[in-house]
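The values are calculated or read from the model by the stated rules, or taken from the named source; none is laboratory data. Because the structure is a prediction, the values reported are computed rather than measured. Virtual Cβ from ideal backbone geometry, glycine too; neighbours counted across all protein chains shown. Note: accessible area is taken over every heavy atom of the protein model, side chains too, but ligands, DNA and RNA are not part of it. Shrake-Rupley method; radii C 1.70, N 1.55, O 1.52, S 1.80 Å.
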Amino acid sequence: MKKQYFLALGLMLAGFAASAQTNLVVNGNAETWTGGNAENFEPHPTQNYINNYITQGTTVHGGSFSLKHQSQSSSQYLEYGDLIPVTPGHSYTISYWFLDNDDHARTRIWSSWMQQVGEDFTALPDNETELRYADQNLSYSTDNANWIQKTLTLTAPANATHFRYQIRTYRQSSTAEGGYIYYDDLSFVDNSVNSTKENAIAGLKMFPNPLNGNVLNITSDANATKTVTVFDVLGKQVINTTTDNGTINTSNLTSGVYIVKITEDGKTATRKLVVQ
């Protein structure tokens, strides 16, 4: 199966995650929207069942927004826009929250490990019971007034190169469609990555986040001089500066998601920054 994906962001995050446990699903909290679409969950240009019928939800598990997905007569896919690079043998945790309080819709996970050979990506059968056929008939959600967390911890198989993060929304029956499922706080974390360095900058704080103004504050227990580098979603460096007072001028940043790399006294940490 051949699919075209922009992998730059996933590769960049995987590189930064070498010293930190990082959520590799950027905008998994659904807080960043552009032109009515959630960033990294934009409608597919040719396959109209992928990320269509998604609107900005205000019924949330956390933050201000969620992904509100409407069921149709055919299965609808909520899919992260990039295949996520993985390392064989590493342990990964897949997690998301959903709210199914509608008798015209239901949901279940439908993800897969992927193998890249040349330009082709093929879904692997490994863990398909957990990732695509969980609990067989019980794998579909049932109506519940409360948010439910779906979480799996699995080991990437030997021939896996990527992970396809996909959840599906279905009609309840042939006579019950058009209902809504809400999704929030999607994450994919490499548990095998050593997080020692990430926590080595004692008391590190970066605020406000999301950022609405032109000044980003970065503080720590030592409050020593920090080198701060900011990258956009394509991995382009947009800020490279040092600070002695813990403030960074961000007036040149437009709305979107960024990765902030912070170095203090030889210790390095990375943080995701959302600019509104």
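Extending 7 Å from the Cα toward the beta-carbon at both Ser64 and Asn252 defines two label points whose distance is 2.6 nm. Each peptide in 174-186, 217-229, 242-254 gets a packing score, the mean of other Cβ atoms within 10 Å over its residues, and the list from highest to lowest is 174-186, 217-229, 242-254.
Could you list log10 I(q)/I(0) for the chain at q = 0.08, 0.09, 0.15 Å⁻¹, which the Debye formula gives when each Cα is one point scatterer? Cα-only, vacuum Debye calculation for the chain: -0.35, -0.45, -1.16. Expressed as a whole percent, how much of the Cα-Cα distance distribution for the stretch 158-256 exceeds 16 Å? The calculated P(r) of the stretch 158-256 puts 74 percent of pairs beyond 16 Å.
Note on the stretch 48-127: Cα-Cα pairs beyond 18 Å make up 55% of the total pair count. FRET efficiency for the pair Asp103 and Asn217, taken as 1/(1 + (r/R0)^6) with r the Cβ-Cβ distance and R0 = 41 Å, rounds to 0.30. Kirkwood radius and radius of gyration were both taken over the C-alpha atoms of the stretch 64-179, and their ratio Rg/Rh is 1.00. Pairs of Lys residues in the chain are counted when their Cα atoms are under 22 angstrom apart and they lie 8 or more places apart or on different chains; the count is 17. On a per residue basis, the stretch 50-101 carries 35 Å² of accessible surface, using protein heavy atoms and a 1.4 Å probe. With the contact rule set at Cα under 8 Å and sequence spacing of 6 or more, what percent relative contact order holds for the chain? After rounding, I find 23 percent.
Reported to the nearest whole Å, the Cα centre-to-centre distance from the stretch 75-132 to the stretch 153-171 is 3. When Rg and the Kirkwood Rh are both derived from Cα coordinates, the Rg/Rh ratio for the stretch 36-83 amounts to 0.97. Taking K and R as +1 and D and E as -1, what net charge do the other residues with C-beta under 15 Å from the C-beta of Asn144 add up to? Here the charged neighbours net out to -2. If you take all other residues with their beta carbon under 10 Å from the beta carbon of Gly63, and give Lys and Arg +1 and Asp and Glu -1, the sum is -3. When a 1.4 Å probe is rolled over the protein heavy atoms, the share of accessible surface on the chain that falls to carbon and sulfur comes to 47 percent. If you plug the beta carbon distance of Asn159 and Asn191 into 1/(1 + (r/R0)^6) with R0 = 22 Å, you get a FRET efficiency near 0.65.
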